[in-house]
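Visitor: Quick one: the structure is below, questions incoming.
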Amino acid sequence: MKLRTSLVLMGLFFISLVHAENFTQGNTDRARALIDAAVEAHGGEALLDDLQTLIIEQESVNYSVDQSRAAEPPWDKSPGYGIDAIDLENAVFVNTANNSSGGFESRNRTVINGDDSYQMNLRAGTVARIAEPDFDTTSGPFVRVTPALLLRTLKSREANANYLGETSADGVDYDVVGFSMTVGPAISLYFEKGTHILRRSERVFPGFGLVEYRFDDYETKGEIPYNRSFTLYLNGDINLERTIKSVRVNEPLDALLEVPEGLVSIPEAQPDPLSRQELAEGVWLIGGNGTYAMFVDMGDYIFAAGGAAGIPDRIDLLREVVGDKPLRYGMMTHHHFDHVLGVPVYEEEGATVIAATAHERVVRRAATSGETLELQLVDEKMVLEAGDRRVEIIDIGPTAHTEHLLVAWLPEEGILFEADHFAMPAAGPVPPAVSSTKTFAAAVADHGLEVKRFVSAHSAKPGTPADLEQALQTKEYQARR
Ligand SMILES: [Zn+2]
């Protein structure tokens, strides 16, 4: 009886499929047909399934759009080198990245390998165990720029795919398929008509815009085509060019999983909740999650330094101790996009924004109403005085990070607030100074500032002159060995 009912229902199901000539059905069928053709063009399902490990070595050029030393183009270009390795069966992923950008030199390695997952800083010589490794999130960026892996994912998630339409760009015709990823916004894949090879992928991030990858030339290895390069565009601007140096298929990852000798164990980075600390009477550092602002009580009003993320929350916490005292000034340290987020907030508070003269265009662009923004431009120095309180706003640039850098200097308290040059780590030893830190230390000395505490827009922990000296004296891990 039960069997017969099922058969009848199945019959109905098949009949309904035949008659379901609607938009959604047609769209889904077309997506599936295109995915099958694309999988075939990228080596076929059997070969893609046999892909167990992949090790890709690459070199890149990064364009620092709105993050260069100067506020206007041409943007600084900086080199990078890396190795990505994935073991699909065992959910193991390794990323090694050596970069040098904006006065920051870094050599980092992330290993996602179950209980043996680590975050290594191979410049500082530290290693932190990752307690809750997340294979999908950590390997996602690599999967998204590796067509063979993207095609595998697409095939396995074809139930989440839709045909988006056809389009042409630069004389090439494309079929476009969209599908949802396990992490982040949906992705659109552009397959070249005729060859069915993946040429582009795009994602739209709310509040940020369009992220686009282009895969230009392919080389076939073991019957699977691998891209030899890719280019990243952010909102239409070139951001990264990557050249693939080598592709190794189904080789063991073992050598990449080892923790090199002599690394110092440090605790894993912990959540950093919003907090307020009084650095001196009437001087507060307020922030969390890696961004902080400093507020100074000037008697009749408040002076704020720093424009990084989260200024509204920081002002809320400030109000608990200063009531509704007017916030009269908000100082921007420099022009980088992550340091002018506070402009519209200070604007709404009715404050005057203080910025380096060279950063006027960027700061006005960051405002809600750039033309009417109350803006005080600083060439070399500006002083605010009220009673015993003195705040000096000094352009101590150029540094390796930016041509102009405004710091807030409180000579009485010996407190100096800055961004992106010297941030104390939440845990572990002070890392060896990067170029940005070295040039900052020299600029502070040149200006004769007798600093007792260095307060950073990116650390809850003020640093001392001894900490800075330690950073300058500490050799890199590679050099120590
Ligand atoms: Zn910066």
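Visitor: Among the residues of the range 154-163, what is the count of those that are surrounded by fewer than 19 Cβ atoms within 10 Å (Cβ to Cβ) and assigned to a helix (DSSP H, G or I)? Give the derivation first.
Guide: Looking only at the range 154-163, we keep the residues that are surrounded by fewer than 19 Cβ atoms within 10 Å (Cβ to Cβ), and these are 155-160, 162.
Restricting the remaining residues to those that are assigned to a helix (DSSP H, G or I) gives 155-156, 158-160.
Of the residues in the range 154-163, 5 are surrounded by fewer than 19 Cβ atoms within 10 Å (Cβ to Cβ) and assigned to a helix (DSSP H, G or I).
Visitor: Filter the range 268-286 down to the residues that are in contact with a strand residue (DSSP E or B) (Cβ under 9 Å, 6 or more places away or on another chain) and either at positive phi or not in a strand (DSSP E or B) (or both) and list them by number.
Guide: Selection gives Glu268, Ala269, Pro271, Asp272, Pro273, Leu274, Glu281, Gly282.
Visitor: Within 16 Å of the ligand (Cβ to nearest atom) and modelled with pLDDT of 95 or more: is that true of Val343 in this structure?
Guide: Against the criterion (within 16 Å of the ligand (Cβ to nearest atom) and modelled with pLDDT of 95 or more), Val343 qualifies.
Visitor: Something else: Restricting the search to the range 30-81, which residues are under 30 Å from Ser156 (Cβ atoms), in a strand (DSSP E or B) and charged (D, E, K, R)?
Guide: The one that is under 30 Å from Ser156 (Cβ atoms), in a strand (DSSP E or B) and charged (D, E, K, R): Glu57.
Visitor: Out of curiosity, is Glu59 over 25 Å from Ile130 (Cβ atoms), among the acidic types (Asp, Glu) and within 16 Å of the ligand (Cβ to nearest atom)? Let's see the steps before the verdict.
Guide: Working: over 25 Å from Ile130 (Cβ atoms): yes; among the acidic types (Asp, Glu): yes; within 16 Å of the ligand (Cβ to nearest atom): no.
Judged against the criteria, Glu59 is not a match.
Visitor: So, restricting to strands (runs of 3 or more DSSP E) that lie completely within the range 312-415, which ones have at least 3 residues that are over 30 Å from Gly103 (Cα atoms) and in the same structural domain as Arg453 (by TED's automatic domain parsing)?
Guide: Fully inside the range 312-415 and qualifying: 381-386.
Visitor: Next up: Looking at Tyr226, Tyr218, Tyr213, Tyr292, which one is among the hydroxyl-bearing types (Ser, Thr, Tyr), in contact with a strand residue (DSSP E or B) (Cβ under 6 Å, 6 or more places away or on another chain) and assigned by TED's automatic domain parsing to the domain that holds Val322?
Guide: Tyr292
Visitor: Keeping to the range 174-210, report how many residues are touching a strand residue (DSSP E or B) at 6+ places or on another chain (Cβ under 7 Å), without any contact (Cβ under 8 Å) to a residue 40 or more places away in the chain and assigned to a loop (DSSP other than H, G, I, E, B).
Guide: 3
Visitor: Just the residues that are within 23 Å of Leu88 (Cβ to Cβ), in contact with a helix residue (DSSP H, G or I) (Cβ under 8 Å, 6 or more places away or on another chain) and in a loop (DSSP other than H, G, I, E, B), please, taken from the range 120-145.
Guide: Scanning the range 120-145 gives a single hit, Pro133.
Visitor: Now for a separate question. Tell me which residues, restricted to the range 210-230, are within 16 Å of Ile187 (Cα to Cα) and either β-branched (Val, Ile, Thr) or loosely packed, with under 12 Cβ neighbours inside 10 Å (or both). Reasoning before the result, please.
Guide: Within the range 210-230, the subset within 16 Å of Ile187 (Cα to Cα) is 210-215.
Hit for the range 210-230 is Val211, nothing else.
Visitor: Oh, and also: Assess whether Glu385 counts as being within 29 Å of the chain's Cα centre (by Cα), away from the ligand (no atom under 16 Å from the Cβ), at pLDDT 95 or above and acidic (Asp, Glu). Full working, then the answer.
Guide: On the way: within 29 Å of the chain's Cα centre (by Cα): no; away from the ligand (no atom under 16 Å from the Cβ): yes; at pLDDT 95 or above: yes; acidic (Asp, Glu): yes.
In short, no.
The values are calculated or read from the model by the stated rules, or taken from the named source; none is laboratory data. On a predicted model such as this, the values are computed, not experimentally measured, just so you know. Ideal geometry is used to build each Cβ from the backbone, glycine not excepted, and the neighbour counts take in all protein chains shown.
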